[in-house]
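**Q** Quick one: this structure, given as structure tokens, is what I'll be asking you about.
The values are calculated or read from the model by the stated rules, or taken from the named source; none is laboratory data. These numbers were taken from a predicted model, which means no experiment stands behind them. Glycine gets a Cβ as well: all are built from the backbone with ideal geometry, and neighbour counts include every protein chain shown. Keep in mind that these areas ignore ligands, DNA and RNA; they rest on the heavy atoms of the full protein, side chains included. Shrake-Rupley method; radii C 1.70, N 1.55, O 1.52, S 1.80 Å.
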Amino acid sequence: MVELMLAVLAVTAGVEKGTWGQAKGDDVVMKEAAADAKPPMTAKYRDAKLPIEERIDDLMTFLTDEEKTRLMHATGVKTAADLPRVGLEPYRMIDGPGGPRDRNTVYFPEPISWAASRDTNLVYEIGRALAEETRGMYDERLVTTMLLGPGINLARTPAGARNFEYMGEDPVLSGKIAAADIRGMQSRRVSPSLKHYFCNDQEAYRTVLDVICGERPFRELYGRAFEVCVKESHPWCIMNSYNGVNGRYTSHAAEENDLLKEWGFDGMLVSDWGGAHGAVRAFNSGTTLESCTGPNEKRDREEAQLMREGKLAPKRVDAAVRANLRTYFRMGLFDRETEEIKALNAECVKLYKSEAHRELAKKAAVEGTVLLENKGNFLPLEKGKVKTIAVTGPWATVQFSCIKEKNKAPNHHGGEGVCADEEFGFLDGIKKYFGAENVVYDPEHETDAAAKADVVVFCTGTDHWEDREVNGWGIIHPHDRATLKIKGEDAEARLKAVAKANPNCIVALIHGGPIDVSGWVDDVKAVFAMWYPGIDAGGCLGRMMFGDDEPGGRLPYTFADRLEDWPCHRKGEKVYPGVLLEEKGIFEAREWYDDGIWVGYRGFDHFGTKPRYPFGYGLGYTTFETKNVETGPDSISFEIVNTGKRRGKAVVECYIEKHPEDGTEVPVKELVDFAVFRLEPGESVKHAFTPGPGAFRYWKDGAGWKPCEGRLILRY
Ligand code: BGC
């Protein structure tokens, strides 16, 4: 954080200079006089009952030029909007996607798990609860009404260190899951900050990287995730990324920033922290708030003067101030004294760290867990038959949230760090679930302990030293994950020895990205991919092992054994992680997205690479069949039946196979929609997917979107 702050200071010190300081014109003097007076209490903008646009129109008439430019800068590291003259008091923003950082809070599973759940209703509930945790930290002085997430950069590389914060490798999955989260947050009048727009798909070099990305991958993948999300949730705020794309920083990418408006975005566009890279240029390119700056009257005056000279486009300033005010009205900042906002705050204070949130967090962990292996239907276990469970492995006693140093937990880092008020690791959670007297933990003699138990659980994976935001500025190592293996030099050998001692071995994985399971998967009976499951890893695992709950997740990205299985890892460092530049200019590294649209399963399908577990894969405890499938020109309807003996969750995905007339190469299949059904044995339900015209098109460079025929396919 210190490095980040120094970098931020360096950047803000570089604010472009205006020519203020000469004699003031009359209009300025008049406006300054007006600036001393408070607008009347009867001013229209103060009336909470009026439509927001009318309130903005009115408020704009009271603002001086200097106040307008002031409203385009943050007032501190995580605060903004200090203009008491018009009744605007600062609010606090807080990181991040998996829940509010820095304060004690309920530990929800990380967002990659939400994507695995495929359940937009559940994710809406999560978003709403996270907003309640955020607003519920309420103190009289500073209300917290912005949660800096969700993030929807794509898992272009399995090594990406922030993959756990994002929503996988597919733009439609990412966009829809993030939209559900945002709708939930906004229902509590907490603003999201959807991030990081755009092409911030790795941590390596992220602050100084210039990504060379073609129009098609942007339109069909990296920008598409944002398009889907914006159209489905109308987020109140979006965050630019640190990196550049095609020779300019994203905060200076006017065309792509304006594209957001075409998709329906009308809120605040904030730079990543210290990432405006020159505020005036950023404002002229559509950025509306420079983050992480302080109050600075001289700067405000200089920028107001630049505006009068036309060097800071007055239209941009006007649009930016309106956008920021719109977000502030939506968050209720001008209406703090109304009964509505007081009641909302009081309700959130009550729900903050509530039992209801804890239960939701546990449910979410189960719904997001993917069962990768279950040989011979080893699971679910029968309670009466299993008397003792041995728990072991490197992560048996580790906690993954950031306040608890006990057990030397590898802590959360950076934008995503959650400070949990409570976290049960695997051992504690399983003891709580199964009775401490029935659980054995003996790390000194783990194979002996395993041999004596009926079942052994080996807890392993990666941690937040690898799955994390890389803090600081410049060329920083280490950055992304170096390997797909479970962490620890002896971890695989330990796992194999334990599985040899007791073949009834279940592996529980904690991880942000795909894991190479090739070295040990043949030795074990079952494997759970649990991501970062939050409050109660062990309790949730116990419930799934014994079938009280069914693991409900499907993979949000492909699992394969080797980095080279991903196209971006096959073509040398130019394509990932990028090369250092001799002629530095403004960037110090450059990377070519030469893998084009062949990202994730699109790449595996296209090159015929066999994945270990494909995108969408995940086992359950029952079986399903579809019948009466009928395909129309733009829709597909079907009935899904639970043909097994247990209640279960079906996840049906709808893909399109496109047929462009001009022979343009397209992916074998592309996800266009998905739905979740929970059915009793023998029960069935009918459903139809109608993905809309956004699905039946492909991008042709130079010609734009072209409509095409396509066949819809179901996978479940
Ligand atoms: C991260 C953002 C985060 C911001 C504020 C940046 O370093 O990239 O994701 O929201 O810091 O903490």
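**Q** Where residues in the stretch 614-640 are of a type in the set (Val, Ile, Thr) and crowded, with 18+ Cβ neighbours inside 10 Å, which of them is farthest from residue 677 (Cα to Cα)?
**A** Top of the filtered list is 636.
**Q** Can you tell me which condition residue 120 does not meet? The list is (1) under 13 Å from the mean Cα position of the chain (by Cα); (2) among the hydroxyl-bearing types (Ser, Thr, Tyr); (3) open to solvent by 10 Å² or more (accessible area, probe 1.4 Å), and all the others hold.
**A** It is condition (1) that residue 120 fails.
**Q** Residues being basic (Lys, Arg) and touching a helix residue (DSSP H, G or I) at 6+ places or on another chain (Cβ under 6 Å): count how many of those fall in the stretch 131-155.
**A** 1
**Q** Considering every residue within the stretch 628-635, establish whether at least one is in contact (Cβ under 8 Å) with a residue 24 or more places away in the chain and either within 26 Å of residue 486 (Cα to Cα) or aromatic (Phe, Trp, Tyr) (or both).
**A** The answer is no, given that none of the residues of the stretch 628-635 is in contact (Cβ under 8 Å) with a residue 24 or more places away in the chain and either within 26 Å of residue 486 (Cα to Cα) or aromatic (Phe, Trp, Tyr) (or both).
**Q** State whether the residues of the stretch 270-279 include one that is away from the ligand (no atom under 16 Å from the Cβ), more than 18 Å from the chain's Cα centre (by Cα) and aliphatic (A, V, I, L, M).
**A** There is at least one residue in the stretch 270-279 that is away from the ligand (no atom under 16 Å from the Cβ), more than 18 Å from the chain's Cα centre (by Cα) and aliphatic (A, V, I, L, M).
**Q** Take the conditions within 14 Å of the ligand (Cβ to nearest atom), open to solvent by less than 10 Å² (accessible area, probe 1.4 Å), in contact with a Phe, Trp or Tyr (Cβ under 9 Å, 6 or more places away or on another chain) and not in a strand (DSSP E or B) and apply them to residue 168. Does it pass?
**A** No: the conditions fail for residue 168.
**Q** (1) away from the ligand (no atom under 15 Å from the Cβ); (2) open to solvent by 10 Å² or more (accessible area, probe 1.4 Å); (3) touching a residue at least 24 places away in the same chain (Cβ under 8 Å): which one isn't true of residue 156, the others all being true?
**A** Evaluating residue 156 over (1) away from the ligand (no atom under 15 Å from the Cβ); (2) open to solvent by 10 Å² or more (accessible area, probe 1.4 Å); (3) touching a residue at least 24 places away in the same chain (Cβ under 8 Å) leaves (2) as the failure.
**Q** Scanning for something out of contact with any Cys (no Cβ under 6 Å at 6 or more places or on another chain), within 16 Å of the ligand (Cβ to nearest atom) and over 22 Å from residue 318 (Cα atoms), does the stretch 211-225 turn up at least one residue?
**A** Yes, the stretch 211-225 contains a residue that is out of contact with any Cys (no Cβ under 6 Å at 6 or more places or on another chain), within 16 Å of the ligand (Cβ to nearest atom) and over 22 Å from residue 318 (Cα atoms).
**Q** Separate question: Can you spot a residue in the stretch 242-262 that is touching a Ser or Thr at 6+ places or on another chain (Cβ under 8 Å) and closer than 19 Å to residue 115 by Cα?
**A** No, there is no match, as no residue in the stretch 242-262 is touching a Ser or Thr at 6+ places or on another chain (Cβ under 8 Å) and closer than 19 Å to residue 115 by Cα.
**Q** Can you tell me how many residues within the stretch 450-478 are touching a Phe, Trp or Tyr at 6+ places or on another chain (Cβ under 7 Å) and open to solvent by 10 Å² or more (accessible area, probe 1.4 Å)?
**A** 1
**Q** Please enumerate the residues belonging to the stretch 98-133 that are within 16 Å of the ligand (Cβ to nearest atom), modelled with pLDDT under 95 and β-branched (Val, Ile, Thr).
**A** Of everything in the stretch 98-133, just one residue is within 16 Å of the ligand (Cβ to nearest atom), modelled with pLDDT under 95 and β-branched (Val, Ile, Thr), namely 105.
**Q** To continue, here is another question. Which of the strands (runs of 3 or more DSSP E) found entirely inside the stretch 615-716 contain at least 3 residues meeting this: under 26 Å from residue 558 (Cβ atoms)?
**A** Ranges flagged: 624-631, 636-642, 648-659, 670-679, 697-700, 709-715.
**Q** A further question follows. Would you check if residue 105 is of a type in the set (Ser, Thr, Tyr) and under 21 Å from residue 330 (Cβ atoms)?
**A** For residue 105, the condition - of a type in the set (Ser, Thr, Tyr) and under 21 Å from residue 330 (Cβ atoms) - is not met.
**Q** Answer yes if at least one residue in the stretch 336-346 is out of contact with any helix residue (DSSP H, G or I) (no Cβ under 7 Å at 6 or more places or on another chain) and either buried (at least 21 other Cβ atoms within 10 Å of the Cβ) or over 28 Å from residue 47 (Cβ atoms) (or both), and no otherwise.
**A** No, that holds for no residue.
**Q** Between 470, 498, 507, 527, which is touching a residue at least 12 places away in the same chain (Cβ under 8 Å), over 13 Å from residue 372 (Cα atoms) and not in a loop (DSSP other than H, G, I, E, B)?
**A** 498
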